[in-house]
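The values are calculated or read from the model by the stated rules, or taken from the named source; none is laboratory data. Note that the structure is predicted; figures quoted are calculated from it, not measured. Here Cβ is always computed from backbone atoms with ideal geometry, including for glycine, and neighbour counts include all displayed protein chains. Note: accessible area is taken over every heavy atom of the protein model, side chains too, but ligands, DNA and RNA are not part of it. Shrake-Rupley method; radii C 1.70, N 1.55, O 1.52, S 1.80 Å.
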Amino acid sequence: MIWNTRNATYMFTVPDFPILEKQNWLIHLHYIRKDYEACKAIIKEQLQETQGLCEYAIYVQALIFRLEGNIQESLELFQTCAILNPQCADNLKQVARSLFLLGKHKAATEVYNEAAKLNQKDWEICHNLGVCYIYLKQFNKAQDQLHNALQLNRHDLTYTMLGKIHLLEGDLDKAIEIYKKAVEFSPENTELLTTLGLLYLQLGVYQKAFEHLGNALTYDPTNYKAILAAGSMMQTHGDFDVALTKYRVVACAVPESPPLWNNIGMCFFGKKKYVAAISCLKRANYLAPFDWKILYNLGLVHLTMQQYASAFHFLSAAINFQPKMGELYMLLAVALTNLEDTENAKRAYAEAVRLDKCNPLVNLNYAVLLYNQGEKKDALAQYQEMEKKVNFLKDNSSLEFDPEMVEMAQKLGAALQVGEALVWTKPVKDPKSKHRISSTGKPAGFQQPLGSNQALGQAMSSAVAYRKLPSGVGGTSQLTKPPSLPLEPEPIVETSEQTREK
């Protein structure tokens, strides 16, 4: 079998087989029109006439099977194409892609490597190899292949996957550098602009975040992810009414977005409309029952309303999904303290202290509980540990401490008789220049322990909505094999924004 480049059709040199130009053209025409039933009828007739040896008909039949979700059947047909024409890299690329879709990433890499031997200048092979290595957790090999793909041909998708590797490794700075290069290459790509804005938002660089999100909205005013991110940033700075206006636009585009309802709920929390906040958060929880941030916020609002049993329920669920977060254990301990379960509250505080090595509020709350139980020696130990954390934060950052937290620490210090030279100082209120450490749970003692209108913690909200990825393979304008598209990336890891009530 030879490839006739002039007519872009397959011609068979075996005398018993006629020239099938018309049938191949009809197959291609119906495929690109997405008239798959008519296409399959012609393919069946073609295979009968050629005794099942028409490579192009088998190839298109495999593509249709893949579009219908029959991945295993498409794999078998692509393997047949590879047997009929073993020197065609496209056949091997499609075999590898089917293996990838079946979750057989290691086998897919082997086939892609065989295809690379036939065509060393194909950027798709390098790109898809990189994606397979990501799933195999071999990030160094993945980066090498993706860089090779960029040298052969620069594509937005390759930059996206490179950035994803750095995000998986927790290196935000390198991820930002990759996305900056991607934006330079494709300045009108709203997905890249939005992602870069979200990364700056996560780092607290609000000016650059707003700039890139604004550019994304300039090119696409209906980009709901950028609108959601911009609203989240306004929400972080306490502009709850403006943020709700933004969210109203997003609700028209994606009314069933869990991050959207989570953020709306926390806007109502900031406006002290707690019933409305719980209603919105429960809708978000219904849409995403396994999102620990929504459960965290539900526990936080119930703590504010002094509904400690409900708070315990949601915080326990959040801990099941995020067991390494010390702050969750501290809030759980606050709820248990108010439910008069002191022993379990101590256990929760001990776990919070073990997991959280930076937040002085954990030690402060634990010290208050121990002091109220008459364990002054242990309370003093926790207070001194809190002082160490405060000193470290003062020396290494410009963060500002919550006034209510400072006041409680001073009261506890006086009660423990640790002297007048406390590490706490009244902060200078300048919200434009400094960030504030907000109290995450009131100490279980000293006047009213919980239920005030002060912030109980950092309400975490996700600024990225879920997006649907394109799937399927499209035909070309000429009678050629439909291309092997690059493997689509998964959605970027959602960026969490922190909103707080002042």
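Overview of values
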read-out: Qualifying residue in region 56-70 (condition: within 22 Å of residue 124 (Cα to Cα), modelled with pLDDT of 85 or more and open to solvent by 60 Å² or more (accessible area, probe 1.4 Å)); value: yes
read-out: Single residue of region 127-142 satisfying the filter (of a type in the set (S, T, N, Q) and part of a helix (DSSP H, G or I)) that is most open to solvent (accessible area, probe 1.4 Å); value: 140
read-out: Residue check for residue 105: open to solvent by less than 40 Å² (accessible area, probe 1.4 Å) and either more than 19 Å from residue 79 (Cα to Cα) or out of contact with any helix residue (DSSP H, G or I) (no Cβ under 6 Å at 6 or more places or on another chain) (or both); value: no
read-out: In region 86-101, the residues that are under 17 Å from residue 122 (Cα atoms), hydrophobic (A, V, I, L, M, F, W, C) and part of a helix (DSSP H, G or I); value: 89, 92, 95, 96
read-out: Flag if residue 83 is hydrophobic (A, V, I, L, M, F, W, C) and open to solvent by less than 30 Å² (accessible area, probe 1.4 Å); value: no
read-out: Whichever residue in region 276-316 is surrounded by fewer than 18 Cβ atoms within 10 Å (Cβ to Cβ) and touching a residue at least 60 places away in the same chain (Cβ under 8 Å) and, among such residues, is nearest to residue 260 (Cα to Cα); value: 305
read-out: Residue match in region 215-235 (condition: open to solvent by 70 Å² or more (accessible area, probe 1.4 Å), of a type in the set (A, V, I, L, M, F, W, C) and modelled with pLDDT of 85 or more); value: no
read-out: Of the criteria (1) under 25 Å from residue 401 (Cα atoms); (2) not in a helix (DSSP H, G or I), which one residue 332 fails; value: (2)
read-out: Cβ-Cβ under 8 Å pairs, at least 6 apart or on other chains, region 400-416 side at negative phi and free of Cβ contacts under 8 Å to residues at least 40 places away in the same chain, far side assigned to a helix (DSSP H, G or I) and crowded, with 19+ Cβ neighbours inside 10 Å; value: 401/390; 413/383
read-out: Count of region 114-126 residues which are surrounded by fewer than 24 Cβ atoms within 10 Å (Cβ to Cβ) and touching a helix residue (DSSP H, G or I) at 6+ places or on another chain (Cβ under 7 Å); value: 7
read-out: Considering residues of region 184-210 that are of a type outside the set (A, V, I, L, M, F, W, C) and closer than 14 Å to residue 167 by Cβ only, the residue most open to solvent (accessible area, probe 1.4 Å); value: 202
read-out: Subset of region 256-290 [outside any helix (DSSP H, G or I) and farther than 18 Å from residue 224 by Cβ]; value: 271, 272, 273, 289, 290
